[in-house]
Amino acid sequence: MQRIDTDVLVIGAGMAGLTAAARSLDRGASVVVVEKADTVGGSARFAGYAWTAPDRAVMDEVNPNGDPALRTALVDGFADGIAWIRALGVHCADAVPILRYGRGHQFDTNQYLDECRRRVSARGQLFTGTDTLALRTADGAVTGARVRRPDGTELEINSAAVVLATGGYQADGALVAEHIHPRAADMQVRSNPVSAGAGLRLAESVGAATGNTRSGFYGHLVPTQVPFRDPADFVALSLYYSEHALLFNLGNRRFTDETQGDHLTAMHLLEQPESRGLLVADERVYREWVLGSYVEGAVAVDKFELTQRRGGRCGIAETLADFAYLPPEWGYDGAAVAEQIRQVNAAGTAVRPTRTHDDQPLDNGPYYIIETCPALTFPFHGVRIDATARVLSAAGGSIAGLFAAGSDAGGLYHYAYAGGIAPALVFGLAAADTATGHRPAVPAENIG
């Protein structure tokens, strides 16, 4: 069996893995990257912004049950992450508001990923189409891995550090059903199709701690019965405007505060009967939030028109009385839904569930109706890490030589979300810095 010696072995070549690899090279380490897919980039190819909460207080408010050390590390490390992107010659725009509580930067993720790949190919080694079969250990420490190339040959890679960055396990139905919800396997996956739990299984094989089961997932509402045709649909079909609309379950009732965010509503809808619901926007919501840009700089897409063109369940009711004509095969009582809308409008700020961030009435027809269901990007359960990306042991302490970043890592979020690219970037850098002996300083303005 051929043997390769290196300082850092990175398993996975998406945002977190390529970041860890390029940073390790920048720190003077030798690097090998192995990637299961034939191409690199993973789900980050479909993203366009790096964003998170602007400070610790906001992060604590929107994500109170996430790991406190990871919450703090993400906020404190974000500025260094943006500086790192720019240091690689990738343009990163000025900060803009994201959702109601975040701040972030638009940048060309493909340019960034390709630049990292170029650096790894020039100064390290990159193996694509390569499966990681097992981690190697000695005296309780991880010392490398055994991998299999596309032609069936196996390589033994010895390393001082191993970084797991395989992108989560959203493509494995059994794992998402176990750790998210029994119906989670029925969700469409709005990310790369090869992230099927390799990092989680490798970590568990050497005694890593994992968690937290049933802590939620990142995803968005999408129209029912409209399959994704290509990755562009991951954004085009996401119904971000739901935080200004009303959502009704099969019992014709609202069940959550939609204004808290589409990503949170998606998690709550998964738990409703059949995990589907009726999303209703009036003329104001349609004009301001369906036809308008969801994030500054993003291209607006008419989600209703696209759903209609793609054959999804949707319709227009000129008045609330017209809800009575909803197709009975959809399973809703249109008249009951209309009555609920009247009650929401009459209740104003006293409505329950509350509408915290947009309590304006939906009283101006026509009404734009889309049946919706949740789609999955990545789970929040994963390999537990500390603030420096060291993998924690189920027996206590950390596992020497083992790190994790990106969607392989768990514990950061618990039924909350403040960015996906940002944690991949921040903890990818942290893994590289720790593995190569460079401990980043905490920014003075964030101490305390």
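FYI, it's all coordinate maths here, none of it is from the lab. All values reported here derive from a predicted model rather than from experimental measurement. We place every Cβ from the backbone using ideal geometry, glycine too, and count neighbours over all the protein chains shown.
Filter the stretch 75-90 for residues that are over 26 Å from Asn63 (Cα atoms) and either hydrophobic (A, V, I, L, M, F, W, C) or outside any helix (DSSP H, G or I) (or both) and give the result.
Ala87, Leu88, Gly89, Val90
Can we say Pro366 is touching a residue at least 24 places away in the same chain (Cβ under 8 Å) and crowded, with 16+ Cβ neighbours inside 10 Å?
On the way: touching a residue at least 24 places away in the same chain (Cβ under 8 Å): yes; crowded, with 16+ Cβ neighbours inside 10 Å: no.
No, not satisfied.
Scan the stretch 314-336 for residues that are under 14 Å from Leu279 (Cα atoms), of a type in the set (Ser, Thr, Tyr) and in a helix (DSSP H, G or I) and report the count.
Number of matching residues: 0.
Working carefully through the options Ala395, Ala430, Ala418, Ala375, find the one that is assigned to a helix (DSSP H, G or I) and in contact (Cβ under 8 Å) with a residue 24 or more places away in the chain.
Step by step, each of Ala395, Ala430, Ala418, Ala375 is checked, and only Ala430 is assigned to a helix (DSSP H, G or I) and in contact (Cβ under 8 Å) with a residue 24 or more places away in the chain.
Consider Pro54 carefully, then state whether it is more than 24 Å from Asn192 (Cβ to Cβ), loosely packed, with under 15 Cβ neighbours inside 10 Å and either touching a strand residue (DSSP E or B) at 6+ places or on another chain (Cβ under 9 Å) or not acidic (Asp, Glu) (or both).
In short, no.
Considering only the stretch 143-158, I want to know if a residue exists there that is within 20 Å of the chain's Cα centre (by Cα) and over 24 Å from His263 (Cβ atoms).
Looking through the stretch 143-158, none of the residues is within 20 Å of the chain's Cα centre (by Cα) and over 24 Å from His263 (Cβ atoms).
Could you give every pair whose Cβ atoms fall below 6 Å, whose first residue belongs to the stretch 22-48 and is more than 20 Å from Ala431 (Cα to Cα), and whose second residue is part of a helix (DSSP H, G or I) and among the hydroxyl-bearing types (Ser, Thr, Tyr), counting only separations of at least 6 or pairs across chains?
Partner pairs satisfying both residue conditions: Ala47/Thr109.
Any idea which of (1) part of a loop (DSSP other than H, G, I, E, B); (2) over 16 Å from the mean Cα position of the chain (by Cα); (3) surrounded by 22 or more Cβ atoms within 10 Å (Cβ to Cβ) is the one Arg23 doesn't satisfy?
(1)
Mind checking which residues of the stretch 307-333 are surrounded by 17 or more Cβ atoms within 10 Å (Cβ to Cβ), under 30 Å from Arg229 (Cβ atoms) and not aromatic (Phe, Trp, Tyr)?
Selection gives Thr307, Gln308, Gly312, Arg313, Cys314, Gly315, Ala317, Leu326.
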